[in-house]
Amino acid sequence: MLLSVSFVPVKQITSSVPRSNFSDSDLNRIAELILKGEGIINPLILRSTSLESYEVVDGHFEYYAAARAREIDLRKGEMIGAFVIESNNQEALEQQVKFLRTQNVAISSHVAAGSDITESRLMNIESRMTNQESRSEKRTNELEEEWKREIKNIYNRLNELENRLPKPIEPLEALNNWNLTKLTSKLSRVNVKSQIIEKLFNEREANGKYSSFSNIVDRIKGLGDKTMLKIIDSFAEGTV
């Protein structure tokens, strides 16, 4: 075939389409890829205007991207791949370019329509996902409330059980308030003599309540420190 890819100096190419028609960011991006790939995957289609000059027939964007690549790196971007239309096949190739452009427009329209359908489907999917998230969030909130109620119920039951437990007995309070029968039942278990128990009760009834344990020892004759400690320890058992 007469048509083959040639490497043409970028500086010898011109375009009838203004560079301002294309986004600088897009041109920069493709220019970097041209340098990285060391060539362009979609060769330009050029018409020879003289021995050392060419005009773009198709691929104006690619040309400006190649020109930008040359600005970035003069050595790597010096040459660009292109199909050069010669006079003997110019008419046939230009018709081919025109036909392919028409096909590209049709394909683009079809893709755009397909994109609209896809976008609609995506929106439906997104809507369903949003609804699912809303239901999940609602259920999560419900479970959280149930958990809080259960924790509160457990806390209330623990408080109730705690209130049912026997309260610690304060020895001084017991010695100041219990009757003789109760004191005897309690203190006889730790071998406190009945005479001492009776003295504890009678002294309290006659001269008033005890202010402290040392006050008890001072007021009850025959009650030593060891016996007093034994009495105090007996109340640590927590039972009457």
_With DNA, RNA and ligands ignored, accessible area of Y54 (1.4 Å probe; Å², nearest 10)_ = 40
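Could you calculate the contour length gain from L33 to T49, that is, 0.36 nm times the residue separation minus the distance between their Cα atoms, to one decimal place in nm?
Working: separation 16, 0.36 × 16 = 5.76 nm, distance 2.87 nm.
Contour length minus the Cα-Cα distance gives 2.9 nm.
Pull out the extension gain between I41 and N191, defined as 0.36 nm times the separation in residues minus the alpha carbon to alpha carbon distance; nm, one decimal. Write down the numbers at each step before the final one.
On the way: separation 150, 0.36 × 150 = 54.00 nm, distance 10.82 nm.
Result for the pair: 43.2 nm of gain on full extension.
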*Can you send over the solvent-accessible area of T140, 1.4 Å probe, protein chains only, in Å² to the nearest 10?*
80
*Whose amide H sits under 5 Å from the amide H of I85, counting only residues 5 or more places off or on another chain, with H placed in the peptide plane?*
L46, R47, S48
*Place +1 on the Cβ of every Lys and Arg and -1 on the Cβ of every Asp and Glu in segment 142-240, take the dipole about the Cα centre, and give the residue among S185, I197, I231 whose Cα lies farthest towards its positive end.*
I197
*To the nearest 10 Å², what's D225's accessible area with a 1.4 Å probe?*
110
*Classify segment 1-40: rounded, prolate or oblate, from the alpha-carbon gyration tensor (a ≥ b ≥ c, eigenvalue square roots; a/c under 1.5 rounded; otherwise prolate if a/b is larger than b/c)?*
oblate
*Which value in nm describes the separation of the simple spin-label points at D73 and N177, placed 7 Å from the Cα toward the beta carbon?*
9.5
_Could you put I151, I40 in order of accessible surface area, largest first, with the 1.4 Å probe and the full protein assembly present?_
I151, I40
_Partners for K11 among aspartates and glutamates (Cα-Cα distance below 15 Å; same-chain residues under 8 apart left out)_ = E52, E55, E62, E71, D73, E78
*FRET efficiency for K226 and R157, Cβ-Cβ distance as r, R0 = 35 Å, nearest 0.05?*
0.20
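Arrange the residues L143, L183 by how much accessible surface each exposes, largest first, with a 1.4 angstrom probe.
Numbers: L143 80, L183 0 Å².
Sorted by accessible area, descending: L143, L183.
Divide the volume of the convex hull of the Cα atoms of segment 12-65 by its number of residues and quote the answer in cubic angstrom per residue.
Working: hull volume 4.0 nm³, N = 54.
Taking only Cα atoms, segment 12-65 has a hull volume of 75 Å³ per residue.
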*Express in nm, to one decimal, how much length is gained between A206 and S127 on full extension, taking 0.36 nm for each residue of separation and deducting their alpha carbon distance.*
19.6 nm
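Using a Förster distance of 35 Å, how high is the FRET efficiency between S134 and R19, based on the Cβ-Cβ distance and rounded to 0.05? Could the numbers behind the result be given before it?
Working: r = 50 Å, r/R0 = 1.42.
According to the calculation, E is roughly 0.10.
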*³J(HN,Hα) computed for each position of segment 202-216 - Karplus, 6.51 cos²θ - 1.76 cosθ + 1.60, integer Hz, glycine/proline x*: 5, 5, 5, 5, 7, 10, x, 5, 7, 8, 6, 5, 5, 5, 5
*Sequence neighbours fewer than 8 away in the same chain don't count; with that in mind, list the lysines whose C-alpha is under 24 Å from K226.*
K182, K186, K193, K199, K209
*At 7 Å along the Cα-to-beta-carbon direction for both E145 and S6, put a label point, then send me their distance in nm to one decimal.*
8.0
*In sequence order, what are the phi-derived ³J(HN,Hα) couplings for segment 156-164 according to the Karplus relation 6.51 cos²θ - 1.76 cosθ + 1.60 with θ = phi - 60°, rounded to whole Hz, with x for glycine and proline?*
5, 5, 5, 4, 5, 5, 4, 5, 7
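Counting only protein chains, not ligands or nucleic acids, how are V17, V5 ordered by accessible area (probe 1.4 Å), most first? Write out the running numbers ahead of the final one.
Details: V17 35, V5 75 Å².
Accessible-area ranking of V17, V5, largest first: V5, V17.
The values are calculated or read from the model by the stated rules, or taken from the named source; none is laboratory data. These figures come from a predicted structure and were not determined experimentally. All Cβ positions, even for glycine, are placed from backbone atoms using ideal geometry, and neighbour counts span all protein chains on display. Side chains included, ligands, DNA and RNA excluded: accessible areas come from the protein's heavy atoms. Shrake-Rupley method; radii C 1.70, N 1.55, O 1.52, S 1.80 Å.
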